Amino acid sequence: MGDKVKMTISDFKKFKEEGRKFSYVTAYDYTTASIVDDSDVEIILVGDSLGMIMLGYKGTESVTMDDMIHHIRPVVKGAPNTWVIGDMPFGSYNVSDEQAISNANRMIKETNCDCIKLEGGVEMLSRIKAIVGAGINVMGHIGLTPQTASSLGGFKVQGGTPESAKKLIEDSKALEKAGCFSIVLECVPSVVGKAVAEAVDIPILGIGAGPYVDCQVLVTQDLLDMYGDFKPKFVKQFAHIRKAMVDGLNEFHKETISGEFPTPEYSFNKKVEIPED
Ligand code: KIV
């Protein structure tokens, strides 16, 4: 705690060149951001997955720019020593390059996050070039792209055929050329993760993309076993915080109804004479 130094844009390339692995998690609020900031994890994504995790939606499509900005601001405040990514929500960049620049500008200006992330391969080149040209750091996202998962046949492993694997390699090269400084690669076979990571000079940040990529990404509520609804195959639970929270809440409830809590230790014990009516 205390000696963490925030990554810079040039560190991303340097880490790749040096073969130095790094890690990346989500946060959507001040407290979680400050906990990640106290850890060694280098990157926070304020992902549109907040639709499910924070807002209880079924998917990410309904998340708005206002929702994103509302959540990114406290994360930036809570994690001054961690690189913070703002996720562009569905509908905020699919109309035109102008719309994409305008929303990316808004995300950076109103939150002070370090970069934006958007989903899509070669079909997004013009948007990526436009935002990079406006002076904003862009992280790409290919493979399983949750915002358009229905057009990919649902939440399924991508790149499972030679043609689709080749398309992911071409997408990654095109995104690098367009100016992305790194790319999230989601839900692909490990061999495809390896081939994509070897195809480009920028880091490939894998979530369900196997061990050969440059960085591992997980949703914090998944890796700490806080989100009760669903556990994807690629999620390892490194702690069981949901159970610890339920146990703590039950202990509070038990001591409240038994009168054990609060003892004088947790009470203000100054003597005050209460006037009688
Ligand atoms: O929104 C999100 O959490 C993401 C990760 C799955 C990378 O995009």
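The values are calculated or read from the model by the stated rules, or taken from the named source; none is laboratory data. Small disclaimer: the values here were computed from a predicted structure and weren't measured. All Cβ positions, even for glycine, are placed from backbone atoms using ideal geometry, and neighbour counts span all protein chains on display. Only protein heavy atoms, including side chains, enter the accessible area calculation; ligands, DNA and RNA are left aside. Shrake-Rupley method; radii C 1.70, N 1.55, O 1.52, S 1.80 Å.
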Is it the case, given these coordinates, that VAL95 is within 14 Å of the ligand (Cβ to nearest atom) and modelled with pLDDT of 95 or more? no
Of the conditions (1) within 20 Å of the chain's Cα centre (by Cα); (2) open to solvent by 10 Å² or more (accessible area, probe 1.4 Å); (3) closer than 17 Å to MET65 by Cα, GLY86 clears all except one; give me its number. (2)
Examine segment 27-34 for a residue that is among the aromatic types (Phe, Trp, Tyr) and away from the ligand (no atom under 13 Å from the Cβ), and state whether such a residue exists. yes
The listed residue being within 12 Å of the ligand (Cβ to nearest atom) and open to solvent by 20 Å² or more (accessible area, probe 1.4 Å), out of LEU205, LEU218, LEU185: LEU218
Among the residues of segment 148-160, are any under 15 Å from the mean Cα position of the chain (by Cα) and of a type outside the set (Asp, Glu)? no
Search result, residues across segment 34-61 that are of a type in the set (Gly, Ala, Ser) and over 23 Å from GLY140 (Cβ atoms): SER34, SER39, GLY56
For segment 184-232, give me the residue count where each residue is among the β-branched types (Val, Ile, Thr) and outside any loop (DSSP other than H, G, I, E, B). 8
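Table: residues versus (1) within 16 Å of the ligand (Cβ to nearest atom); (2) surrounded by fewer than 16 Cβ atoms within 10 Å (Cβ to Cβ); (3) over 25 Å from CYS187 (Cα atoms).
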| residue | (1), (2), (3) |
| --- | --- |
| GLY56 | yes, yes, no |
| GLY91 | yes, yes, no |
| LYS109 | no, yes, yes |
| ALA130 | no, no, yes |
So, in segment 141-188, how many residues would count as being more than 20 Å from LEU50 (Cα to Cα) and polar (S, T, N, Q)? 6
